[in-house]
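Below: one structure, written as structure tokens.
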Amino acid sequence: MSAKILDGNAIARTAREALKAAVEARLDRGERAPGLAVILVGNDPASEVYVRAKRRDCEEIGFHSIIQHLSDNISQSDLEERVEALNRDSSIDGILVQSPLPAHIDEDRIIDLIDPLKDVDGFHPYNIGRLALRRPSVRSCTPMGIMLLLEHTGVPIRGLDATVIGASNHVGRPMGLELLLAGCTVTTAHKFSRDTAECARRADILVSAVGKPGLVPGDWIKPGAIVIDVGMTRDERGKLRGDVVFDEAVEIASWITPVPGGVGPMTRVAMLQNTFAAAEHALDIPDRR
Ligand code: GUN
């Protein structure tokens, strides 16, 4: 058996084309372009690459975008003032503070300050809480992108066994909540789990979000499972590696994401979709409007 490939690049391209058409429709109605503000602190090379990609995406689909590239010795209070100014800026629908932030910055306090309606990463405790309570508003981008990939398979997922490996705030936890909302029986395996392999082997849907190349060998995969690899680790030769041993897994799974070109482009497009929804006031928070 050879798995079908979930081509995140192609699926994300189609989603960006739909967004571009929707932006044009807004402009035709006399409305302004959706606006995204990205705050980048310091000179982390990987972050600079990510932020450049976000700017390119915005240009392609017609969003207004601003990037504030700030010195890595900015103070907590100066950074907080920047976020508050963007909260008040009516041309900005989405605010993204690129992580990692320098060690002297309290990242949680910065995320807490972002207006939840402009939190297009979906990291704010309010938005995670909404997802936990089955009333999602702004959804975390990587899990949201993965749900689009699962939809693309055409497989009805309600009732399936899903295992998420990794329990991070940004991916593992909201991923489990998304799958639970979709009706899966969810297991989250993490660094204290006694038998992660066993958790993986019973999964119809296996999501690995650890960042450890080679973590998931073929014999952890249930025949016919859908395998989603969130890992993106650069090896010593500069090559991006996922958590899953792709050459083994592809022989056993029914669907699988490649690395690169699987989850990564879907995360980016989910953030654009969140920004568009914020501009359209389509995020259902009735108590705030
Ligand atoms: N750093 C790496 N990926 C991301 C992301 O999706 N959002 C933010 N804010 N920072 C990141």
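Taken over the range 28-53, the criterion of being over 16 Å from residue 102 (Cα atoms), surrounded by fewer than 21 Cβ atoms within 10 Å (Cβ to Cβ) and not hydrophobic (A, V, I, L, M, F, W, C) is satisfied by 28, 29, 30, 31, 32, 50, 52. Candidates are the residues of the range 260-289 that are modelled with pLDDT of 95 or more and part of a loop (DSSP other than H, G, I, E, B); the one that is surrounded by the most Cβ atoms within 10 Å (Cβ to Cβ) is 262.
Scanning the range 134-168 for residues that are in a helix (DSSP H, G or I), touching a residue at least 12 places away in the same chain (Cβ under 8 Å) and not aliphatic (A, V, I, L, M) yields 141, 142, 143, 145, 152, 153.
Among the residues of the range 126-165, those identified as closer than 21 Å to residue 4 by Cα and of a type in the set (D, E, K, R) are 151, 158, 161. Checking each residue in the range 67-97 for being of a type outside the set (Lys, Arg) and assigned to a helix (DSSP H, G or I) picks out 76, 77, 78, 79, 80, 81, 83, 84, 85, 86, 87. Looking only at residues of the range 169-203 that are part of a helix (DSSP H, G or I) and within 16 Å of the ligand (Cβ to nearest atom), we find that the one that is nearest to residue 140 (Cα to Cα) is 174. When both residues are 6+ apart or on different chains and their Cβ atoms are under 6 Å apart, which pairs have a first residue that lies in the range 41-56 and is within 10 Å of the ligand (Cβ to nearest atom), and a second that is not aliphatic (A, V, I, L, M)? Here the result reads 47/98; 51/98, each pair linking the range 41-56 to a residue that is not aliphatic (A, V, I, L, M).
Close Cβ contacts (under 9 Å, 6 or more residues apart or on different chains) running from residues in the range 211-224 that are more than 17 Å from residue 258 (Cβ to Cβ) to residues that are modelled with pLDDT under 95 and not in a helix (DSSP H, G or I) comprise 223/1; 224/1. In the range 263-277, the residues that are within 9 Å of residue 141 (Cβ to Cβ) and more than 9 Å from the ligand (Cβ to nearest atom) form no Cβ pair under 7 Å with any partner that is modelled with pLDDT under 95 and not acidic (Asp, Glu), whether six or more places apart or across chains. Residues in the range 93-105 that are touching a residue at least 24 places away in the same chain (Cβ under 8 Å) and away from the ligand (no atom under 15 Å from the Cβ): 93, 104. Residue pairs whose Cβ atoms lie under 8 Å apart, sitting 6 or more positions apart in sequence or on different chains, and linking a residue in the range 4-16 that is within 16 Å of residue 147 (Cα to Cα) to a partner that is among the charged types (D, E, K, R) and surrounded by 15 or more Cβ atoms within 10 Å (Cβ to Cβ), are 12/268.
For the range 106-117, the set of residues classified as within 17 Å of the chain's Cα centre (by Cα) and either more than 10 Å from the ligand (Cβ to nearest atom) or aromatic (Phe, Trp, Tyr) (or both) consists of 116, 117, listed by residue number. Considering (1) within 20 Å of the chain's Cα centre (by Cα); (2) within 16 Å of the ligand (Cβ to nearest atom), the lone condition that residue 86 does not fulfil carries the number (1). The set of residues in the range 191-210 being touching a helix residue (DSSP H, G or I) at 6+ places or on another chain (Cβ under 7 Å) and either without any contact (Cβ under 8 Å) to a residue 40 or more places away in the chain or at positive phi (or both) consists of 193, 197, 200, 201.
Could you please let me know if residue 159 is of a type outside the set (A, V, I, L, M, F, W, C) and more than 16 Å from the chain's Cα centre (by Cα)? In short, yes.
Look at the range 121-133: where a residue is more than 15 Å from the ligand (Cβ to nearest atom) and a partner is modelled with pLDDT of 95 or more and among the small types (Gly, Ala, Ser), sitting 6+ places away or on another chain with Cβ atoms under 6 Å, you get 130/137.
The values are calculated or read from the model by the stated rules, or taken from the named source; none is laboratory data. Here the structure is a predicted model, which is why all the values come from computation and not from measurement. Cβ coordinates were reconstructed from backbone atoms using ideal geometry, including for glycine residues, and neighbour counts include every protein chain displayed.
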